[in-house]
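Read through the structure below, which is laid out as structure tokens, and then see the notes.
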Amino acid sequence: MDDLSRFCCLNSQCLQYGERDAGNLTVSHRYGPDRAKRMLRCRACKARFSERKGTPLFGSHLPPEKALSVLHHIAEGNGIRKTGRLVGVNRETVARYGKKAGAHAAGLHDELVAVSPSDL
Ligand SMILES: [Zn+2]
């Protein structure tokens, strides 16, 4: 059984949009090399979307280990050229992943700040 508790419907018109662990998602099929990625389906609105949609890995062509290594090197403060040399990818690829991860991190930050307790 797939653990889908961290996922939510991404259709902004859906009644269960953004509700994690609402029990409305199922795995409709798997795709990609080794069928490692899951295609999710919302029972409420019938929308289908990749489990990677909305993440820095959406549309990634690098193997997951290599993509995560790129992001790890960036998070540790390595430069784009240095990260490219260490991981073995083009510096443009490193820059693209950095931009996607940065936008994702900014969105996550805004979501977390919105629900954090206020200072007294
Ligand atoms: Zn939905």
Top-ranked residue in region 29-59 [being part of a loop (DSSP other than H, G, I, E, B) and aliphatic (A, V, I, L, M); ranked as nearest to Ile74 (Cα to Cα)]: Leu57
Selected residue [within 11 Å of the ligand (Cβ to nearest atom) and at pLDDT 95 or above] from Cys42, Cys8: Cys42
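Could you check, for region 76-88, whether at least one of its residues is in a helix (DSSP H, G or I), of a type in the set (Val, Ile, Thr) and over 23 Å from Gly107 (Cβ atoms)?
Step one: filter region 76-88 for residues in a helix (DSSP H, G or I), giving 80-87.
Among the residues that remain, those that are also of a type in the set (Val, Ile, Thr) are: 80, 83, 87.
In the following step, the residues that additionally are over 23 Å from Gly107 (Cβ atoms) were identified as 87.
The answer is yes, given that some residue of region 76-88 is in a helix (DSSP H, G or I), of a type in the set (Val, Ile, Thr) and over 23 Å from Gly107 (Cβ atoms).
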Positions within region 23-39 being over 29 Å from His109 (Cβ atoms), in contact with a strand residue (DSSP E or B) (Cβ under 7 Å, 6 or more places away or on another chain), more than 14 Å from the ligand (Cβ to nearest atom) and not hydrophobic (A, V, I, L, M, F, W, C), in sequence order: His29, Arg30, Tyr31
Which numbered condition Arg20 fails, given (1) within 26 Å of Asp2 (Cα to Cα); (2) more than 16 Å from the ligand (Cβ to nearest atom); (3) exposed (fewer than 14 other Cβ atoms within 10 Å of the Cβ); (4) within 16 Å of the chain's Cα centre (by Cα): (2)
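The values are calculated or read from the model by the stated rules, or taken from the named source; none is laboratory data. These numbers come from a predicted model, not from an experiment. Reconstructed Cβ throughout: ideal geometry from the backbone, glycine too, with neighbour counts over all protein chains shown.
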